[in-house]
1. Looking at (1) within 17 Å of the chain's Cα centre (by Cα); (2) under 28 Å from Trp291 (Cα atoms); (3) modelled with pLDDT of 90 or more, which is the only condition Tyr200 fails?
2. Pull out all pairs, ordered by first then second residue, where Cβ-Cβ is under 8 Å, the residues are six or more apart or on different chains, the first lies in segment 173-187 and is within 8 Å of Gly222 (Cβ to Cβ) and loosely packed, with under 15 Cβ neighbours inside 10 Å, and the second is at pLDDT below 85 and of a type outside the set (D, E, K, R).
3. Report whether or not Leu164 is open to solvent by 10 Å² or more (accessible area, probe 1.4 Å), closer than 19 Å to Val36 by Cα, at pLDDT below 90 and aliphatic (A, V, I, L, M).
4. Select, from Arg272, Arg292, the only residue that is surrounded by fewer than 16 Cβ atoms within 10 Å (Cβ to Cβ) and modelled with pLDDT under 85.
5. For segment 151-161, name all the residues that are within 21 Å of Tyr274 (Cβ to Cβ) and either open to solvent by less than 20 Å² (accessible area, probe 1.4 Å) or of a type in the set (Ser, Thr, Tyr) (or both).
6. Specify the residue that is modelled with the lowest pLDDT; the eligible residues are those in segment 127-150 that are open to solvent by less than 30 Å² (accessible area, probe 1.4 Å) and under 30 Å from Thr186 (Cβ atoms).
7. Which numbered condition in (1) assigned to a loop (DSSP other than H, G, I, E, B); (2) at pLDDT 80 or above is the only one that Glu85 fails?
8. Within segment 7-15, is there a residue that is out of contact with any strand residue (DSSP E or B) (no Cβ under 9 Å at 6 or more places or on another chain), surrounded by fewer than 14 Cβ atoms within 10 Å (Cβ to Cβ) and modelled with pLDDT of 70 or more?
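The values are calculated or read from the model by the stated rules, or taken from the named source; none is laboratory data. These numbers were taken from a predicted model, which means no experiment stands behind them. Cβ atoms come from the backbone with ideal geometry, glycine included; neighbour counts cover every protein chain shown. We work out accessible area using only protein heavy atoms, side chains counted, and drop any ligands, DNA or RNA first. Shrake-Rupley method; radii C 1.70, N 1.55, O 1.52, S 1.80 Å.
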Amino acid sequence: LGVAWIGASNGLMASSQALVATNTPTPALGRALSIVQTGSLIGSTVGPVLGGLLAAVLPAYRWLYLVGGALGVVNTALVLGRTREVSAPPRERLRLHLWRDLRACLRLPTVGLLFYLMFLFASTFFGSLTIVSLFTLELLGGQAGYLGIGQALWLSLVTVSLTLASAAALPLWGRVVDRYEPRRVTLAGQALCLLAVLPYPFVQNPPQLVAVRLVLGALAVGLQPALLRLLKEAAPAGMEARALAFGTSAYMLGHGVAPFLAGQLAPWIGLRGYFAVHALLVASGLALWGWRGVRRTERQGL
């Protein structure tokens, strides 16, 4: 129940993206969103490491939740004290119309497709973390190590490689999103993402898997700021924050659906088969965006 409550009340990602997207001038939006994403990537990598270190020194695991709560209080204080936003009082009383708002977003030609691309991006980047860990163990074939490097270190390298490459490439991608049309950047990002995931079924050892993860992080991480910018521009007037929140929901679904789908498919076709299926899904996103998304955004003047 505690985990379910944390998931239900975790609006930090959606609210932070909405705060940045609605208060940053469009010419600098790509760079701003890339900074937010860099912080998220670093936190998702450093968090488990820090948790493991604290677990070794704290008297009980439940103390980790107290530490997490304290960090949340510090985070809240920083947001309240250090962030600034343009004051825009609502024109009407707050009313929650979840399904009506979602339908209003989906009526626009490209918004549903952008949600799908957000889902694919999250499943490719973060939904695969558990899967590639299992794949690493499969590649090791029960051995304690490979090339003199232990099993635990290989698991860490496979995880950290994606984060390091993404964090290094994000500033460049942010400038690309600001300089070029985001619909074209999205098309290029989808194509690069497909190229990066195609080698997964053919990987034979942990070093090759680390290399593939590095390539994926460097080539495809620019998709998220481009998608967020497009989503903000395509959203109905006055619904930018809600559209971004729905996009974040699709993003979080990608986190959870990818391991679930791998768990269902792996007993039948193996993890290599799952990676092949996932490459087909990424290819579907590229085909749909190239066929429908670019043309429609051009007609809409986005």
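1. Among (1) within 17 Å of the chain's Cα centre (by Cα); (2) under 28 Å from Trp291 (Cα atoms); (3) modelled with pLDDT of 90 or more, the lone unmet condition for Tyr200 is (1).
2. Every condition considered, no pair remains.
3. So Leu164 fits the description; yes.
4. Arg292
5. Once the filter is applied, which keeps residues that are within 21 Å of Tyr274 (Cβ to Cβ) and either open to solvent by less than 20 Å² (accessible area, probe 1.4 Å) or of a type in the set (Ser, Thr, Tyr) (or both), segment 151-161 yields Trp154, Val158, Thr159, Ser161.
6. Gly127
7. The single condition Glu85 does not satisfy is (2).
8. Scanning segment 7-15 turns up no residue that is out of contact with any strand residue (DSSP E or B) (no Cβ under 9 Å at 6 or more places or on another chain), surrounded by fewer than 14 Cβ atoms within 10 Å (Cβ to Cβ) and modelled with pLDDT of 70 or more.
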